[in-house]
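Notes follow the structure.
The values are calculated or read from the model by the stated rules, or taken from the named source; none is laboratory data. Note that the structure is a prediction, hence the values are computed from the model and not measured. All Cβ positions, even for glycine, are placed from backbone atoms using ideal geometry, and neighbour counts span all protein chains on display. When the accessible area is computed, the model is the full protein with side chains, heavy atoms only, and any ligands, DNA or RNA have been set aside. Shrake-Rupley method; radii C 1.70, N 1.55, O 1.52, S 1.80 Å.
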Amino acid sequence: MLMTGILLRSPFHFFFPDQLAAYTRHPTLVTAAYACFACGIILLCPAIMTLAQRIAATAPLWGLWGGCLVIAGLFTRTFQYGTDHLAFHLTDSLGLSSMINGIDDYYLAWRDTRWHPFRTLSGPALLGWIVLAVGAYRSGALGLGRSVALGLMSALALGTLKGTQIPQSVIAAGGICVALIPLGISLLRSGPPPGRRAMIWLAVILGWLILGAAFGPALAPFTRG
């Protein structure tokens, strides 16, 4: 999901004026790209928790600090996706030039903010991937190559309306794929098959998501206060 989002928005320059301009020309494509990226960030949370647990079995401090820093970074990216989503929708109503000026002012205000939890965590969030990668190698949870690939995620830029940087973003997403996809496959093969109750709940959740996507926009006018 992360790589899909990165590749979908790769034709456009990464900085925010170009991202907003791309949205005005290709709203469906850009919305899909950012939604895929956000879903990939959310799905990384259980993956990182699982990896951190494996690291902590033999290197508890590395697993604890690496896992906490990375997950805090994932929360930061999710927060930033909310600002992205709002910016795109405000572009529809306020116009492109107004939103470019507004986001420019937002960046200046964010830079001058003395303290904010997500600003404070931006640096440690990038460092967290290095800590987790070192812990994965020291604990034996991942080999040297896949640990280095995991650490490449530190090259993925943080920030509101930050698109795909070539080649940094593709390298970072490729590294996380190399590091975690084989681990996920091995977990699926080694774990017990899902029971009937789990399959029923999975069907209920998928049905709820599909119904929400299909009928949510139609019901939106009735939910306004």
If I filter segment 82-93 for residues that are modelled with pLDDT under 90, within 26 Å of Val30 (Cβ to Cβ) and among the aromatic types (Phe, Trp, Tyr), do I get at least one hit? no
Name the residue, out of His116, His26, His13, that is modelled with pLDDT under 95 and closer than 26 Å to Gly174 by Cβ. His13
Among the residues in segment 53-64, are any in contact with a Lys or Arg (Cβ under 8 Å, 6 or more places away or on another chain), under 19 Å from Gly151 (Cα atoms) and open to solvent by 30 Å² or more (accessible area, probe 1.4 Å)? yes
If Phe37 passes every condition in (1) at pLDDT 95 or above; (2) open to solvent by less than 20 Å² (accessible area, probe 1.4 Å); (3) aromatic (Phe, Trp, Tyr) but one, which one does it miss? (2)
Tally time: how many residues in segment 115-152 are hydrophobic (A, V, I, L, M, F, W, C), open to solvent by 20 Å² or more (accessible area, probe 1.4 Å) and in a helix (DSSP H, G or I)? 9
Of the listed residues (Gly128, Gly135), the one being touching a helix residue (DSSP H, G or I) at 6+ places or on another chain (Cβ under 7 Å) and either without any contact (Cβ under 8 Å) to a residue 60 or more places away in the chain or under 20 Å from Ala157 (Cα atoms) (or both) is Gly128
Which of the helices (runs of 4 or more DSSP H) contained wholly in segment 1-108 include at least 2 residues that are more than 17 Å from the chain's Cα centre (by Cα)? 16-25, 27-56, 60-94
Can you find even one residue in segment 104-114 that is within 19 Å of Phe16 (Cα to Cα) and open to solvent by less than 30 Å² (accessible area, probe 1.4 Å)? no
Scan segment 96-106 and give yes if some residue there is of a type outside the set (Val, Ile, Thr) and in contact with a Gly (Cβ under 9 Å, 6 or more places away or on another chain), otherwise no. no
Taking Ser98 and the conditions (1) more than 20 Å from Cys177 (Cβ to Cβ); (2) in contact with a helix residue (DSSP H, G or I) (Cβ under 6 Å, 6 or more places away or on another chain); (3) modelled with pLDDT of 90 or more; (4) not acidic (Asp, Glu), which numbered condition does it fall short on, given that it satisfies the others? (2)
For Ala72: the one exception among (1) free of Cβ contacts under 8 Å to residues at least 24 places away in the same chain; (2) surrounded by 15 or more Cβ atoms within 10 Å (Cβ to Cβ): (1)
List, please: which pairs have Cβ atoms under 6 Å, are six or more places apart or on different chains, and start with a residue in segment 47-59 that is more than 10 Å from Leu187 (Cβ to Cβ) and end with one that is of a type in the set (Lys, Arg) and in a helix (DSSP H, G or I)? Ala59/Arg138
Complete set of residues in segment 17-34 that are open to solvent by less than 10 Å² (accessible area, probe 1.4 Å) and of a type in the set (A, V, I, L, M, F, W, C): Leu20, Ala22, Val30, Ala33
